[in-house]
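Comments concern the structure below.
The values are calculated or read from the model by the stated rules, or taken from the named source; none is laboratory data. Quick caveat: nothing in here was measured; it's all calculated off a predicted structure. Quick reminder, even Gly has a Cβ in these numbers, built from the backbone with ideal geometry, and neighbours come from all protein chains shown. Remember, those area values only see protein heavy atoms, side chains included, never the ligands or the DNA or RNA. Shrake-Rupley method; radii C 1.70, N 1.55, O 1.52, S 1.80 Å.
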Amino acid sequence: MSTAVLREMRWWDIEPVLALEAELFPEDAWSAGMFWSELAHSRGPGATRRYIVAESADATGRQRLVGYAGFAAAGGLGDVQTIAVARDQWGTGLGARLLSDLLHHATAFECDEVLLEVRVDNTRAQKLYERFGFEPIGFRRGYYQPGNVDALVMRLTVQETGTEI
């Protein structure tokens, strides 16, 4: 089980997030500008984004970034923008913790449904999303560039009974 601590992403996290992004997604990594733009919409009364990081102590006791996740909301629709977990943290439950946090905030943003795109070759992530109730609804051909990899689009619908996501 992951002992990483989750907290809100701040501007000073962008550099270590970019390092993890480049390691995990070398062909289609986000740029610093993309993260800056997302963080610009994550604070204040009109916030429409939720970005978090996960930190864990290394062997020397120094904190290091081991994961991050982001969510966008607009007009009752939420979108899981990104989730990443350091390879040495795979299988610890950290991805589930990050997704749980995003979905909790989807409820706070009053989202009726949540969408996400995941690489068709990323079965590990697909299984995580399915455990949370996401269902495949389509494909986006060539979505991930420059590798021209298709994305599986998945959706989680909030129950009409008022159950939280």
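Could you sort THR107, THR60 by their accessible area in this structure, using a 1.4 Å probe and putting the largest first?
Result, largest first: THR60, THR107.
Using Cα centres only, tell me the gap between segment 7-49 and segment 116-153 in whole Å.
20
Excluding PHE35 itself, what net charge comes from residues whose Cβ is under 13 Å from its Cβ, given Lys and Arg +1 and Asp and Glu -1?
Spelling it out: positives minus negatives among the neighbours equals -2.
Which whole-Hz ³J(HN,Hα) couplings does segment 87-99 yield from phi under the Karplus relation 6.51 cos²θ - 1.76 cosθ + 1.60, θ = phi - 60°, glycine and proline marked x?
The phi angles translate into 3, 6, 9, 4, x, 9, x, 5, x, 5, 5, 5, 5 Hz.
Report the relative contact order of the chain, percent, no decimals, based on alpha-carbon pairs under 8 angstrom and at least 6 residues apart.
The normalised contact order for the chain reaches 18 percent.
Might you report the magnitude of the Cβ-based charge dipole of segment 34-79 about its Cα centre, with Lys and Arg at +1 and Asp and Glu at -1, to the nearest 20 debye?
For this selection, approximately 100 debye.
For Kirkwood radius over Cα pairs in Å, the choices are [x] 16.4; [y] 15.9; [z] 15.5; which was calculated from the structure?
Entry [x].
Roughly to the nearest percent, how much of the accessible area of the chain is carbon and sulfur, given a 1.4 Å probe?
Ligands and nucleic acids excluded, carbon and sulfur give 51 percent.
Only Lys, Arg, Asp and Glu count, each charged at its Cβ (+1, +1, -1, -1), so figure out the dipole size of the chain about its Cα centre, rounded to 20 debye.
I would put it at about 240 debye.
Among GLN89, GLN126, GLN63, which one moves the most in a GNM of the chain with springs linking Cα atoms closer than 10 Å?
GLN63
How large is the helix-only mean residue ellipticity at 222 nm for the chain, computed as the sum of -39500 (n - 2.57) over DSSP H runs with n ≥ 4, divided by its residue count, in deg cm²/dmol to the nearest 500?
Numbers: 4 runs with 44 residues, N = 165.
Mean residue ellipticity at 222 nm (helix-derived): -8000 deg cm²/dmol.
Grab the beta carbon distance between GLU55 and ALA108, set R0 = 25 Å, and tell me the FRET efficiency rounded to 0.05.
That pair, GLU55 with ALA108, gives E of 0.65.
Could you state the accessible area per residue of the chain in Å², with a 1.4 Å probe and every protein chain left in place?
55
Assuming R0 = 25 Å, what is the FRET efficiency of ARG155 and SER100, from their Cβ-Cβ distance, to the nearest 0.05?
The calculated FRET efficiency here is 0.90.
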